[in-house]
2 protein chains.
Amino acid sequence: MDPPLDLAFAALADATRRGIIDRLGRGHASITSLADTFQMTLTGMKKHIQVLERAGLVVTQKVGRVRTCGLGKRGLEAEAEWIETHRKLFEARFEALDDIISEIEQERSNDSAS
Amino acid sequence: MDPPLDLAFAALADATRRGIIDRLGRGHASITSLADTFQMTLTGMKKHIQVLERAGLVVTQKVGRVRTCGLGKRGLEAEAEWIETHRKLFEARFEALDDIISEIEQERSNDSAS
């Protein structure tokens, strides 16, 4: 189990939330301005920010009536490492499923022939 | 919108599904043997495999009564690219949120002093 990876990948599984990370990569923004940018209600934006915050990808701080959002200090190191390791697994798989299936079918036809 | 990224990140947001990718990276396996390995019901494993299949990360083929699973041909290229680009954004953010907050507070105290 790795709850941080679970939370981060779930947070990234939404185009708006990925867009928010894009936007915050160019500088901090208030929730109100993010709601404007992504043309959604303040309530909808707050929910997205909460998901990103729980995953540690975004931090927020309230100064007076304005809640300002920025990229979290956590970064995407663990996710990058997981993806990179497994990207190589996909590359290294030396046979397509079709080949295995052909093998099984070949074995079967040998069995029934014997 | 990028539905393939949505589906892939959602598929990766679960420790068992990440474990299945690990396991299939070492070779093909039947759904029954995967259910054994991960100590879950056949129905539970079928659901996980469906999520991975929809994301293109796993392919399955039924030969006789056995459904064999393997890594999909899609790979994790798009996810690796997204994570890598944005990992750099996190690294490049040249100021902590605290700094911005201090700045805002500074501006405010200047305003109220003027």
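Observations on the structure shown:
- The share of C-alpha pairs in the protein assembly as shown whose separation exceeds 23 Å stands at 56 percent.
- Label geometry 7 Å along the beta-carbon vector: residue B:109 inter-copy distances in nm: 8.4
- Ranked order, A:54, B:18 - accessible area, probe 1.4 Å, largest first: A:54, B:18
- The calculated 222 nm mean residue ellipticity attributable to helices in the protein assembly as shown amounts to -20000 deg cm²/dmol, summing -39500 (n - 2.57) over DSSP H runs of n ≥ 4 and dividing by all residues.
- With label points defined 7 Å past Cα in the direction of Cβ, position residue A:46 shows copy-to-copy spacings of 4.2 nm, given to one decimal and shortest first.
- Degrees, to the nearest 10: B:3-12 long Cα axis against longest axis of chain B: 80 degrees
- Cross-link check: pairs A:88/B:88; A:47/A:88; B:47/B:73; A:47/A:73; B:47/B:88 evaluated at a Cα-Cα cut-off of 26 Å; pairs beyond the cut-off: A:47/A:88; B:47/B:88.
- Surface composition of chain B: carbon plus sulfur atoms hold 49% of the accessible area, using a 1.4 angstrom probe and ignoring ligands, DNA and RNA.
- Placing dummy labels 7 Å off each Cα toward the beta-carbon, the span from residue B:91 to residue A:112 is 5.7 nm.
- Relative to the longest principal axis of the Cα atoms of chain A, helix A:97-113 runs at roughly 20 degrees.
- Accessible area buried, both sides summed, chains B and A with 1.4 Å probe, Å²: 4300 Å²
- Diffusion coefficient (Stokes-Einstein, Kirkwood radius over C-alpha pairs, 37 °C, 0.692 mPa s) for chain A: 192 µm²/s, rounded to a whole number.
- Accessible surface of residue A:73, taken over heavy atoms with a 1.4 Å probe and every protein chain present, rounds to 150 Å².
- Between 0 and 90°, nearest 10: helix A:77-92 axis offset from chain A longest Cα axis: 20 degrees
The values are calculated or read from the model by the stated rules, or taken from the named source; none is laboratory data. Note that the structure is a prediction, hence the values are computed from the model and not measured. Glycine also receives a Cβ, built like all others from the backbone with ideal geometry; neighbour counts cover every protein chain displayed. For the accessible areas, the whole protein counts, side chains as well, though only heavy atoms, and no ligand, DNA or RNA atoms are used. Shrake-Rupley method; radii C 1.70, N 1.55, O 1.52, S 1.80 Å.
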